Amino acid sequence: MRPLRGIGVRQVRITCGLILFSYLLWHFTNHALGNISFEVMEAGLQYHFMFWRNPVVETVFYTAAIVHWMLGLWALYERRQFRYPLPEITQLVLGLSIPFLIVVHLGSRLQAPLFDRDLDYAHSFVAYWISRPYMRWVQFALLTVAWTHGCIGLYFWLRLKRSFPAVAPYLLAVAVLLPTLALLGLIQGAREVVALYATPEWRDANLSPGSTASPAERAVLDTIELYAAVAYAGVLALILGARAVRLLGERHGGIISLKYPDGRVVRVPRGTSVLEASLRNRIPHASVCGGRARCSTCRIRIVGDPRVLPEPSSREAFVLERVGVGADPSIRLACQLRPQSDIAFYPLFPPQMTADMLRRSVRFRADEERYLVSMFIDMRRSTSMAEKRLPFDTMFFINRFVAAVAGAVEEAGGKANQFVGDGVLALFGLACGPELACRGALDAIGRIAVNIDRLNTEFAHDLTEPIRFGIGVHGGEVVVGDVGYKEHVVFTALGDAVNVAARLQDLTKELGCEVLISEEVCRRAGLTSDAASAQEVTVRGRSVPLGVRRVERARSVSAVSA
Ligand code: FES
């Protein structure tokens with residue numbers, strides 16, 4: 001089943017983490033009710049019990065907790081090195097410390113199954129603020145650590161999503177405000193209970209004998225907590241021991257060489273992933289998702305025979321297929337590939353790749369060929385404008401021109417892809433089929449004309465002559481992908497159709513018109529043959545003439561394409 005192929009250990013861990021985080025959200029909201037009053041938070045707790053103590057929900061919750069915990073331990077075993085960014089290390093350390101803090105909290109939770117006694121807020125406040133005051137700090141630490149661990153995990157999960165920049169400020173507000181309100185709610189509620197505790201009537205009504213742990217019961221709970229803490233410490237020690245044994249085995253199993261494109265060779269134990277080898281040797285390597293097999297930015301191309309590589313896991317194969325390189329066995333994910341013999345490779349993304357760059361890039365299959373309409377829009381006589389004005393003035397007008405063009409392109413469904421001086425390359429068809437792309441391009445021409453007319457009216461007193469422009473439009477199969485060096489990587493289109501559009505724009509000067517649209521685009525857009533004058537032009541670099549429509553005034557295109 002194809003959808004299931006994409007489910008790996010990380011996906012299960014995220015799902016379990018989300019279930020746990022939803023518990024935290026509810027629990028924190030309930031604590032925050034203490035800012036209203038102790039009675040309100042106590043009433044809210046009944047709803048909390050009603051939902052989370054439902055047998056089905058309880059089973060799901062505890063299963064998620066156990067699976068999440070075990071997969072966390074597995075990750076600790078799996079990692080070959082810890083040279084990761086600070087947030088990841090923080091998340092790991094906090095995650096490992098949560099069980100210790102939960103163990104101290106275990107006494108409260110076990111009172112229901114062991115002594116048939118549910119601890120409400122009143123009993124918890126008496127226990128943590130009056131009987132054992134140090135416990136409140138343990139509770140605060142548990143809340144803070146669990147919340148921070150969950151928020152970092154959520155951040156890693158969400159930051160690759162396109163909608164993340166839009167929702168991030170709201171999420172940040174919730175991430176900061178909710179725990180603050182929860183802690184304040186607890187303090188407020190506890191203050192009320194401490195005051196009430198001073199009145200014998202309240203104590204008689206709420207803390208009847210048997211409703212709190214007797215010294216014998218407390219001793220049982222303390223023993224359980226102690227054994228649980230020791231057992232968890234033992235599990236951690238076992239994992240560290242298993243890591244040491246594996247390390248010895250790997251050293252014994254042989255060392256392999258990885259050769260980087262700059263000729264550098266690193267030697268690592270067999271079984272180390274390529275990304276781990278890069279990080280361990282401080283070689284910058286793109287890995288936006290931190291090696292979680294999600295982003296595919298760690299992609300490498302193997303130089304030589306890829307048949308010597310181990311088969312990709314189902315998750316790796318899924319990710320490679322998703323980005324359109326599943327059929328090429330020489331492309332692999334560095335975070336998943338654990339070569340068993342010497343290899344040479346080169347990374348496909350610059351190491352400076354960030355989540356932001358990844359989000360901004362249009363998600364296409366790498367090196368995919370697809371039909372796009374390319375449009376070049378050039379501002380006329382900007383050089384002579386520059387000669388007569390201060391550089392600042394010239395830049396101002398060029399920026400206004402570019403903004404007017406880009407705005408029109410986007411309104412028509414295209415994307416202003418590149419800005420070269422006073423020229424703009426716009427692409428249509430990134431999110432639609434060829435026919436719509438062609439119609440969108442024609443629509444954009446009219447809109448550009450309207451925007452530039454407005455600009456000319458606005459600056460009529462400042463310009464010695466109106467701003468003029470030339471537009472060339474052509475459509476065809478092009479290769480789309482990221483081009484650039486280091487952090488200057490842009491998503492763009494390359495191919496004959498782009499070059500032809502640029503040359504048509506050049507030809508508008510020679511033919512004394514504002515727009516030249518290739519016959520190809522007109523035909524697909526359904527433009528009638530008498531709507532604009534058809535002719536053939538010779539385009540530099542092409543042996544056969546190209547059929548085009550010559551449009552003297554761009555403004556008229558909206559009329560002919562309507
Ligand atoms: S680092 Fe993200 S997929 Fe490898």
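Computed from the coordinates by the stated procedures, all read-outs in this text should not be read as laboratory data. Computed from a predicted model, the values in this text were never measured in an experiment. When we count neighbours, we look across all protein chains shown, and the Cβ atoms used for this are built from the backbone with ideal geometry, even at glycine.
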(request) At q = 0.06, 0.11, 0.13 Å⁻¹, what is the base-10 log of I(q)/I(0) for the chain according to the Debye formula with one equal point scatterer per Cα and no solvent? Please give it to two decimals. (result) -0.50, -1.04, -1.22
(message) Please identify the DSSP H helices in the chain that span no less than 27 Å along the helix axis (Cα) and have a mean Kyte-Doolittle hydropathy of 0.0 or more.
(response) 9-32, 55-78, 86-115, 134-158, 164-197, 215-253, 391-411, 434-458
(request) Run the quick spin-label model on residue 264 and residue 115: label points 7 Å from Cα toward the beta carbon, then report their separation in nm to one decimal. (result) 6.1
(request) Project the alpha carbons of region 367-556 onto their principal axes and report the range along each, largest first, in whole Å. (result) 47, 44, 31
(request) Please give the calculated 222 nm ellipticity per residue for the chain, where each DSSP H segment of at least 4 residues contributes -39500 (n - 2.57) and the sum is spread over every residue; nearest 500 deg cm²/dmol? (result) -18500 deg cm²/dmol
(request) May I ask you to order 86-96, 371-381, 508-518 by the average number of other C-beta atoms within 10 Å around their residues, highest value first? (result) 371-381, 508-518, 86-96
(message) For the pair residue 395/residue 330, report the inter-label distance in nm, with labels modelled 7 Å from Cα in the Cβ direction.
(response) 4.5
(request) Only residues of region 277-309 count here: report those whose backbone N is under 16 Å from the spot 7 Å along Cα→Cβ of residue 11, or say none. (result) 292-296
(request) Would you calculate the separation in nanometres between label points at residue 535 and residue 40, each defined as 7 Å from the Cα along the Cα-to-beta-carbon direction? (result) 7.7
(request) Starting from the Cα of residue 162, step 7 Å toward the Cβ, then list every residue of region 314-342 with an amide N under 18 Å from that point. (result) 322-324
(message) For a protection proxy built on the mean count of beta-carbon atoms within 10 angstrom, sort 393-400, 176-183 highest first, please.
(response) 176-183, 393-400
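Between residue 105 and residue 195, what FRET efficiency follows from the Cβ-Cβ distance if R0 is 22 Å, with the result rounded to 0.05?
0.30
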(message) Per-residue counts of other Cβ atoms within 10 Å, averaged by peptide: what ranking do you get for 67-77, 324-334, 306-316, highest first?
(response) 324-334, 67-77, 306-316
(request) Compute the label zone of residue 75 within region 100-126: residues whose backbone N is under 20 Å from the point 7 Å along Cα-to-Cβ. (result) 100-103
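Nearest-5 percent of antiparallel DSSP beta bridges in the chain?
On the way: 51 of 56 bridges.
Taking every DSSP beta bridge with both residues in the chain, the antiparallel ones total about 90 percent.
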(request) Pairs of Cα atoms under 8 Å, at least six residues apart: use those to get the relative contact order of region 367-556, whole percent. (result) 24
(message) Out of all Cα-Cα pairs in region 2-246, roughly what percent, to the nearest whole number, are more than 28 Å apart?
(response) 40
